[in-house]
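Peer 1: I'd like to ask you about the structure that follows.
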């Protein structure tokens, strides 16, 4: 074999390996090699391609280029991309189901080849941009296109190749078109907006704008994802059911959302619609409904199409999570760290079933980047049941807007503000009421020192009437002081004194969390304690020591180091210890168990555990909890309504256990 042939052989080996690694990393979320090893092989491939002049269309080096395309070309789809009929209420879904039932019954009365009982498949309706990916008879991606009119779209092949979860080559020997939805995750959106000169207004525009951008590097910068759900054209073997089609899509290596639900009755459908709507805000991407389709392909053929829609499918639409409204004013508020942040006062607007009157604006830099002005219309987004956020401005309304000015003094105590980076701070920590009250409330909260019966109103009275000026002052309060407060009788006063006394014996992670270190939540507090064992070690830890702890990065490490440099912080901690606060750390002993060192995936709803508590339980047993099923998975713990992870486990022969079996193994 010649030297060139050896190089070509090695080039092909590297492409196959790197594409496999990319699938493990981006789709399965279960990489088998380190980033360093991947980069080494990627660099070797780049050099081989330069040396041989051979660049295959499915090489991972072809995902991102330096090209700027002059214009989009039209592409005629081989199979039509249909729109879906829609309903915003359950009655519309019931009516559709009744029509389907009547059509099947009528057909079965008049034909010997009976149609099966109606069976529906439910999937999420992603709020992104529909894409159509064409693969040739060698399994190579040859075209990516927008939906367009459904018959003719635009060629965005170079753009879709930047989606790292999209396979550039599949193991198939016939021409097919696979439909999917390109999306921008909330994580990718936030990372992009942190650095973008012009921040994106919403996730959908982020995805659509990226794929319709002639600059491929800009498309790649958005870090898009995709889910695939349909084969629109197929010159190979036909599918008997939609379930079979979805399995084919999954087996070809296309990313697929794990929620794929089978329902046989309208009652089951109604239950699932509520379930998806309930989890909607917790997802890392936007959905605007649920797609319901008939599973059996023959039934689909019999039902057919209207001019616009297939009769065998419908989309149930949720209420919008985004709206536009007028920005009436900006109010500045102060937090327990002394940071002053802007809150938008809005003309009331209905959003996801809630009347929204306020929204966050983050800081002055955020206001300037988004171009927001008082009196203009703004895009408002609500998710995760938290205060909504202003995403951008309706530019046509800017003309008469009033500039938002930076604050000069604290809105509470009138002290002069100090600017640090993009934020403003009030340094009057002792007599600025909101800071002190919020610090006390945080310190006494359930996940911190767990002082039972401690409320914000109580904290306000302690500050105003008893002149509590530090956390340590809490442990100096006497019963006779409390009795003088509003709504504090003998019993309530004694209960609070007892609760404060009880809190002195606390676990170290709760104490660390209670201190209110910037960027340190309860999990990070637990990680610190597990690594450093005692308070002194945490106080003395360097940035290098801290970043060696899993999940702690530079920003968190710097926050911790700076926090313990503060003389007033050390003074406050020493006072607490002198007053009898005794934070303790008891190292957890992981006993020998069936789950020690095992990789576990949890799917479905468990009777006795939340998703958080089962993760905590498994980790306490020495198990690693993974998010997706692979050949390396030891057990899948399956609850009720288990989804595609269960199917994947069956396919791979992974051990599946139910909740009862799990508890017997403990």
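The values are calculated or read from the model by the stated rules, or taken from the named source; none is laboratory data. No experiment lies behind these values; they were computed from the predicted model shown. Because the Cβ atoms are built from the backbone with ideal geometry, glycine has one as well, and the counts that use them run over all protein chains shown.
Peer 1: Sort out which residues of the range 206-227 are under 20 Å from the mean Cα position of the chain (by Cα) and either more than 17 Å from residue 154 (Cα to Cα) or outside the structural domain of residue 255 (by TED's automatic domain parsing) (or both), and write them in order of number.
Peer 2: Hits for the range 206-227 are 206, 220, 221, 222, 223, 224, 225, 226, 227.
Peer 1: Scan 551, 527, 490, 545 and give me the residue that is over 16 Å from residue 573 (Cβ atoms), surrounded by fewer than 13 Cβ atoms within 10 Å (Cβ to Cβ) and not assigned by TED's automatic domain parsing to the domain that holds residue 460.
Peer 2: One residue alone meets the criteria, 551.
Each row is one residue, and each column tells you yes or no for (1) in the same structural domain as residue 215 (by TED's automatic domain parsing); (2) part of a loop (DSSP other than H, G, I, E, B); (3) within 30 Å of residue 268 (Cβ to Cβ); (4) under 29 Å from the mean Cα position of the chain (by Cα).
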residue	(1), (2), (3), (4)
75	no, no, no, no
91	yes, no, yes, no
94	yes, no, yes, no
97	yes, no, yes, no
106	yes, no, yes, no
117	yes, yes, yes, no
123	yes, no, yes, yes
130	yes, no, yes, yes
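Peer 1: Kindly indicate whether any position in the range 340-349 is outside the structural domain of residue 470 (by TED's automatic domain parsing), assigned to a strand (DSSP E or B) and modelled with pLDDT under 90.
Peer 2: Within the range 340-349, one or more residues are outside the structural domain of residue 470 (by TED's automatic domain parsing), assigned to a strand (DSSP E or B) and modelled with pLDDT under 90.
Peer 1: Also: Kindly indicate whether residue 264 is farther than 29 Å from residue 58 by Cα, assigned by TED's automatic domain parsing to the domain that holds residue 313 and at pLDDT below 90.
Peer 2: no
Peer 1: Also, quick follow-up: Among the residues of the range 408-417, count how many are assigned to a loop (DSSP other than H, G, I, E, B) and surrounded by fewer than 17 Cβ atoms within 10 Å (Cβ to Cβ).
Peer 2: Of the residues in the range 408-417, 5 are assigned to a loop (DSSP other than H, G, I, E, B) and surrounded by fewer than 17 Cβ atoms within 10 Å (Cβ to Cβ).
Peer 1: Give, as residue ranges, the helices (runs of 4 or more DSSP H) completely inside the range 509-556 that count at least 3 residues that are modelled with pLDDT of 90 or more and under 24 Å from residue 435 (Cα atoms).
Peer 2: Result: empty, no element qualifies.
Peer 1: Scan the range 309-334 for residues that are surrounded by fewer than 16 Cβ atoms within 10 Å (Cβ to Cβ) and farther than 25 Å from residue 286 by Cα and jot them down.
Peer 2: Within the range 309-334, 328, 329, 331, 333 qualify.
Peer 1: Still on this structure, please answer the following. Does at least one position in the range 92-105 carry a residue that is crowded, with 23+ Cβ neighbours inside 10 Å and in contact with a helix residue (DSSP H, G or I) (Cβ under 9 Å, 6 or more places away or on another chain)?
Peer 2: No, because not a single residue in the range 92-105 is crowded, with 23+ Cβ neighbours inside 10 Å and in contact with a helix residue (DSSP H, G or I) (Cβ under 9 Å, 6 or more places away or on another chain).
Peer 1: Within the range 423-438, which residues are modelled with pLDDT under 90 and farther than 11 Å from residue 463 by Cα?
Peer 2: Listed by number, the residues that qualify are 423, 427, 428, 429.
Yes/no matrix, rows are residues, columns are (1) at pLDDT 90 or above; (2) over 30 Å from residue 622 (Cβ atoms):
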{"site": "487", "(1), (2)": "no, yes"}
{"site": "493", "(1), (2)": "yes, yes"}
{"site": "497", "(1), (2)": "yes, yes"}
{"site": "507", "(1), (2)": "yes, no"}
{"site": "569", "(1), (2)": "no, yes"}
{"site": "574", "(1), (2)": "yes, yes"}
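Peer 1: What is the residue count in the range 267-285 for residues that are modelled with pLDDT of 90 or more and either touching a helix residue (DSSP H, G or I) at 6+ places or on another chain (Cβ under 6 Å) or over 27 Å from residue 321 (Cα atoms) (or both)?
Peer 2: 1
Peer 1: Going by what's in this entry, would residue 596 be described as in a helix (DSSP H, G or I) and either on the phi < 0 side of the Ramachandran plot or surrounded by fewer than 11 Cβ atoms within 10 Å (Cβ to Cβ) (or both)?
Peer 2: No.
Table: residues versus (1) in contact (Cβ under 8 Å) with a residue 60 or more places away in the chain; (2) in contact with a strand residue (DSSP E or B) (Cβ under 6 Å, 6 or more places away or on another chain); (3) not in a strand (DSSP E or B).
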position: 600; (1), (2), (3): no, yes, no
position: 608; (1), (2), (3): no, no, yes
position: 614; (1), (2), (3): no, yes, yes
position: 619; (1), (2), (3): no, no, yes
position: 633; (1), (2), (3): no, yes, yes
position: 646; (1), (2), (3): no, yes, yes
position: 656; (1), (2), (3): no, yes, no
